[in-house]
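For reference, the structure is listed below as structure tokens.
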Amino acid sequence: MPSTFRIPQATISGPYGKALTTYARRTWGKVPDNAYVLWHHRKVAKAVFSFESKVSRWDRLDAHLKSYAELASAAVIGCSWCVDFGYFLAHHEGLDLAKLREVPRWRQSTVFTDVERDVLEYAEAMSVTPPTVTDELTQRLLGALGVPAVVELTQIVALENMRSRFNAAAGLQSQGYSDVCEVPIVLPSTS
């Protein structure tokens, strides 16, 4: 389903716009719909793009766990754009897509380790309103991952909440990024 663009789609122009669209097409094959929305406020756009560039260099949390957490958070919030793009990024990072497709139904799936299940539970608990993170869950993650990795996990889920809520509110839908993946996206189970 194409994006509805509740906030009108801007025309990306100028030297910075040309650099942005060239980078996006080279990196992802097309310009993400959220760039067309952010472009209405250049200071916001530049701040978001700069921060995302810095986030991509965080390295205390395993990339698989980071992807699981982002996808779980996006699924809870209901951002199809974020789930679509998350699968695309995971595909290009060489992550296990068969396992990633199980994220929306991780409770019923048998493919996840105990630590992965705790990460998924944590991401979901942070993404519901009000948050339902428990001391016990946090202690398990601190013991398994260490403090720096849990700080990164917490921040990456908080960031995914920001991304997903922005994109969902702006009316952005899946752009077909995940079409390049061999494994289709699975919807959450209804049980």
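The values are calculated or read from the model by the stated rules, or taken from the named source; none is laboratory data. Worth saying up front: this structure is predicted, and the values here are computed from it rather than measured. Cβ atoms come from the backbone with ideal geometry, glycine included; neighbour counts cover every protein chain shown. Surface accessibility is based on the protein's heavy atoms, side chains included, excluding ligands, DNA and RNA. Shrake-Rupley method; radii C 1.70, N 1.55, O 1.52, S 1.80 Å.
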Which one of these is closer than 19 Å to Asp179 by Cα and of a type in the set (Val, Ile, Thr): Val55, Val83?
Val83
Can you tell me which residues in segment 28-45 are touching a residue at least 24 places away in the same chain (Cβ under 8 Å), assigned to a helix (DSSP H, G or I) and of a type outside the set (A, V, I, L, M, F, W, C)?
Asp33, Asn34, Tyr36, Arg42
Helices (runs of 4 or more DSSP H) enclosed by segment 69-135 - at least 3 residues per element that are open to solvent by less than 10 Å² (accessible area, probe 1.4 Å) and under 16 Å from Asn161 (Cβ atoms):
114-127
Any residue at all in segment 174-187 that is at pLDDT 95 or above, assigned to a helix (DSSP H, G or I) and loosely packed, with under 13 Cβ neighbours inside 10 Å?
no
Check on Ser53, at negative phi, touching an Asp or Glu at 6+ places or on another chain (Cβ under 6 Å) and in a helix (DSSP H, G or I):
no
Close pairs (9 angstrom Cβ cut-off, 6 or more residues apart or separate chains): within 25 Å of Val147 (Cβ to Cβ) and of a type in the set (Phe, Trp, Tyr) in segment 59-81, part of a helix (DSSP H, G or I) and modelled with pLDDT of 95 or more anywhere
Tyr68/Glu116; Tyr68/Val119; Tyr68/Leu120; Tyr68/Ala123
With the condition kept exactly as written, say whether any residue in segment 123-135 is of a type in the set (Gly, Ala, Ser) and modelled with pLDDT under 95.
no
Enumeration of residues in segment 1-27 that are of a type in the set (A, V, I, L, M, F, W, C), assigned to a helix (DSSP H, G or I) and either modelled with pLDDT under 95 or open to solvent by less than 30 Å² (accessible area, probe 1.4 Å) (or both)
Leu20, Ala24
Return a yes/no flag: does segment 44-61 have any residue that is of a type outside the set (S, T, N, Q), surrounded by 13 or more Cβ atoms within 10 Å (Cβ to Cβ) and closer than 21 Å to Phe112 by Cβ.
yes
